[in-house]
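Some notes on the structure that comes next.
The values are calculated or read from the model by the stated rules, or taken from the named source; none is laboratory data. Worth saying up front: this structure is predicted, and the values here are computed from it rather than measured. For neighbour counting, all protein chains shown are included, and Cβ atoms are generated from backbone atoms with ideal geometry for every residue, glycine included. To get the accessible areas, we keep the full protein, side chains included, count just its heavy atoms, and leave off ligands, DNA and RNA. Shrake-Rupley method; radii C 1.70, N 1.55, O 1.52, S 1.80 Å.
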Amino acid sequence: MKFPLPCGTCFSSSQQNDIENSRHDEENQGNFRLFTYNELRSATNGFHASNKVGEGGFGTVYKGRLRDESIVGVKVLSIELESMRGEREFIAELAALSDIRHENLVRLRGCCVDGATRYLVYDYMENNSLSHTLLGPEQNRIKFSWEARKEISLGIARGLAYLHEEVEPHIVHRDIKASNILLDNNFKPRVGDFGLSKILRENRSHISTRVAGTIGYLAPEYAISGRLTRKSDVYSFGVLLLEIVSGREVVVFDMEHGEHYLVQKAWDAYKDNKLLDLVDSVLETNFPEEEAVRFIKVGLLCVQENATLRPAMPRAIKMLANEIDMGDVEISQPGLVTDLMSIKMDPHHSSQSVLSRGSTTLSSQSPHTAYF
């Protein structure tokens, strides 16, 4: 059965086959569907600014209400026609999401193709993203308890472990960060935005001349060589874990002292035996000190400069849950964002870089502005 596309689509036949294949299981389950542009325009009130809930490097997201009264998030993808990169992100996201199900992953409900514009339709996440509620402007912040932070951290870890270990072939997300962790009505975390994901087949690694990701979350070996493995996501998770515990953004600019990097702060605190100083002051004394220290240590283990020293996600989960004794675990030098910034500025560096402080493309946006 051919995958019917609206008039005006610019997909090639091979790309259409990619979508057909990725959609096959969904089609059998009756969950995935094609939306028309008019449906989505009506659902979002003409993509009105009042329905806009987020914006990132690869598009803008609007809240929408479908004819069956269900609430969805509609992502309008930014397309760069000269490079067709946006086209590839669209195919990647469909392929990654169309046949996977996990309570800690955002569910893709369908898509729309209208001329050169691409739309992705997701379940709506009522409590936006971690970047909005934990790290955003003061008026948006929620005072997450320690228990809430713990459950959010474990949920993200479980979602990643599912992608890395249970899905065949394995999936590397490539852009794990606070703005891509969405929260449902119960504040359960769901990993979203698979626009940069890569499927790892038999060799379980990927070499790319196009490095894509967000400065501060990016694994150093990937930035330097373009070599992508599941340990690249582990690094990003480690940074995110440090953000969740500390309530601090990965990179903070101070007018007087310049930029401060969270991984460096955590490493300095570890060397000085002052890890508790890193815990979010909002918590005051309402947290278990031993558990908080363990979470920070797991975060530092995940950002080790040497990728082979980072734990796989299932092991990281056991460490967080205190199922593995970390007493004898040695933590060494982490990979630091300052090193990556120098690589980015090196004109002799061979990898084509799509790095920024803010988004998955070269832009001036904050890393915490995107909903998807």
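In terms of accessible area, using a 1.4 Å probe and ignoring ligands and nucleic acids, 332, 281, 225 rank largest first as 281, 225, 332. Cβ-Cβ distance of residue 38 and residue 103, R₀ of 41 Å, FRET efficiency by 1/(1 + (r/R0)^6): the value works out to about 0.80. When peptides 178-191, 261-274 are sorted by average Cβ neighbour count within 10 Å, with the highest value leading, the order is 178-191, 261-274. Each label point was placed 7 Å from the Cα along the Cα-to-Cβ direction; for residue 325 and residue 71 their separation is 4.8 nm. The label-point distance for residue 265 and residue 306, in a model that sets each label 7 Å from Cα toward Cβ, rounds to 2.8 nm.
Residue-wise HN-Hα couplings along region 156-162, as the Karplus relation 6.51 cos²θ - 1.76 cosθ + 1.60 with θ = phi - 60° gives them from phi, are 4, 4, 5, x, 5, 4, 4 Hz; Gly and Pro carry x. Projecting label points 7 angstrom from Cα along Cα→Cβ for residue 141 and residue 167 puts them 3.3 nm apart.
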